[in-house]
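A short write-up of the structure that comes next.
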């Protein structure tokens, strides 16, 4: 999906004009994929813009940095504030949020330790990940011939730029075959996730999803869907051996990357309960819709758009 430019991007502590956010072509991350990132949603809620599980996303960003031996030059609190500042600066009620830390210019070679670490936060409008029509009509998926990275090859618990080429190969293969998305298997032949989403199977009133040990990302939306399901009395099953055979004759299969897919899993009534739950949670700066939309509400729990 094309990127819609906005006014400002946060770069190493400063808000700069969109067109001035540039890096050197010999930056380490361009050549070796040495970057870590998060994908976050900010939703237009009844109390103003609300960032989806901001604290959890920032904590995972720092866990990814630790796994890849990157010392970030900002604290977790500073990164959370940078995200809020960037949303404010661009006057967006809802948006996609991309914090990114990467090895910059100065060193070449597979040893990254002496390369500088740069950090940016970008925000822009971005609709449903698989398209608005997917929310009503669903999507066509195929089992990818590309296997998910083994846990002992690349850590699935980290969101690193380089390791996403694995999902890119699966995604492109599915698109060229006439499908919308791919389901990936691990090297044992069991389901892990989609090219960029977690997978849930709904059957007989229960939800099933692979455990983290199968090789899928420890998704924040995944954890939220599981918690919400338990609140509604839905049984959650973690199955390490979900085989492609389990996908046949299913009444429902869902891929979950952003909360819009909660509509498909729980229905609009369930989503309304999610909204009600979000509106009862404390925020850092939560204006009413008649208030200043530039003040960002930091959701400490579940937020919904």
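Quick notes on this structure:
- Exposure proxy order (Cβ contacts within 10 Å, fewest to most) of 53, 24: 24, 53
- Going by neighbour counts of Cβ atoms within 10 Å, the residues 176, 66, 8 line up, fewest first, as 176, 66, 8.
- Estimated FRET transfer efficiency (residue 177, residue 213; beta-carbon r; R0 30 Å; 0.05): 0.55
- Prolate/oblate/rounded label for the range 61-168 (Cα gyration tensor, a/c 1.5): oblate
- Pairs of alpha carbons in the range 85-146 whose separation is greater than 18 Å (percent): 64
- Packing-based exposure ordering (other Cβ within 10 Å, fewest first) of 81, 38: 81, 38
- DSSP-defined beta bridges in the range 122-251 - what % are antiparallel, rounded to 5: 45
Here, each number is a calculation from the coordinates, and none is a lab measurement. On a predicted model such as this, the values are computed, not experimentally measured, just so you know. Because the Cβ atoms are built from the backbone with ideal geometry, glycine has one as well, and the counts that use them run over all protein chains shown.
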